[in-house]
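Quick one: this structure, given as C-alpha cells, is what I'll be asking you about.
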Amino acid sequence: MQDINITKQALSNSLKELMLKKSFDKISISDITSNIHLNRQTFYYHFQDKYDLMNWIYYNEIFVVLVDGLNESNYEEKFYQMFDKMHKEKAIYVNALSM
C-alpha cells in the first residue's frame, strides 16, 4: 500500500512540475511519466487519465487538509490552511482552472 502512495505522489509531483512550464491541456500522460522515468502503464495502473490525477491532487492536498479534524472551533484555521496551500502553489491551481 505504501508503494502505491509513493507512486501516486511521484506522478502528482511530476504533473505539478510540468504545470509550472505549460498549460494542463498541453500535458500528456507521456510527459508526466517520462518526467519521472516511469512507463505509461504505471500511470494507468493508478489513474484513468490526467483529470483523475488532478482530482486526486485536489482531494488529497486541498479537501483532506480542510476536513481532517474539522470542527466548530478550528474551521477558520482549516480554511486558512487550505487557502495557504493553494496560494503557495497558485500557478498550478490557476493553470488547472484555466482549461
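The values are calculated or read from the model by the stated rules, or taken from the named source; none is laboratory data. For clarity, every value in this text was computed on a predicted model and none was experimentally measured. When we count neighbours, we look across all protein chains shown, and the Cβ atoms used for this are built from the backbone with ideal geometry, even at glycine. Note: accessible area is taken over every heavy atom of the protein model, side chains too, but ligands, DNA and RNA are not part of it. Shrake-Rupley method; radii C 1.70, N 1.55, O 1.52, S 1.80 Å.
If Tyr93 passes every condition in (1) under 12 Å from the mean Cα position of the chain (by Cα); (2) part of a loop (DSSP other than H, G, I, E, B) but one, which one does it miss?
The single condition Tyr93 does not satisfy is (2).
Is it true that Ser34 is out of contact with any strand residue (DSSP E or B) (no Cβ under 7 Å at 6 or more places or on another chain), without any contact (Cβ under 8 Å) to a residue 40 or more places away in the chain and open to solvent by less than 60 Å² (accessible area, probe 1.4 Å)?
So Ser34 does not fit the description; no.
To continue, here is another question. Scan segment 66-85 for residues that are closer than 23 Å to Lys8 by Cβ, part of a helix (DSSP H, G or I) and open to solvent by 50 Å² or more (accessible area, probe 1.4 Å) and jot them down.
Listed by number, the residues that qualify are Val67, Gln81, Lys85.
Output the residues belonging to segment 37-54 that are open to solvent by 100 Å² or more (accessible area, probe 1.4 Å) and in a helix (DSSP H, G or I).
Hits for segment 37-54 are Arg40, Gln41, Tyr45, Tyr51.
Please go through segment 73-99 and give me each residue that is farther than 26 Å from Phe24 by Cα and at pLDDT below 90, ordered by number.
Tyr75, Lys78
Let me ask something else about it. Against the definition (assigned to a helix (DSSP H, G or I), modelled with pLDDT of 95 or more, open to solvent by 80 Å² or more (accessible area, probe 1.4 Å) and out of contact with any strand residue (DSSP E or B) (no Cβ under 7 Å at 6 or more places or on another chain)), how does Gln9 come out, yes or no?
no
Looking only at segment 17-35, which residues are over 19 Å from Ala91 (Cβ atoms) and not in a helix (DSSP H, G or I)?
If we filter segment 17-35 for residues that are over 19 Å from Ala91 (Cβ atoms), which is where we start, we get 28-30, 33-34.
Answer for segment 17-35, where residues must be over 19 Å from Ala91 (Cβ atoms) and not in a helix (DSSP H, G or I): just Ser28.
Follow-up question, since we're still on this one. Among all residue pairs at least 6 apart or on different chains, which show Cβ distances below 8 Å where the first residue, located in segment 54-65, is free of Cβ contacts under 8 Å to residues at least 24 places away in the same chain and the second is open to solvent by 60 Å² or more (accessible area, probe 1.4 Å) and not basic (Lys, Arg)?
Short answer, once both residue conditions are applied: Val65/Gln81.
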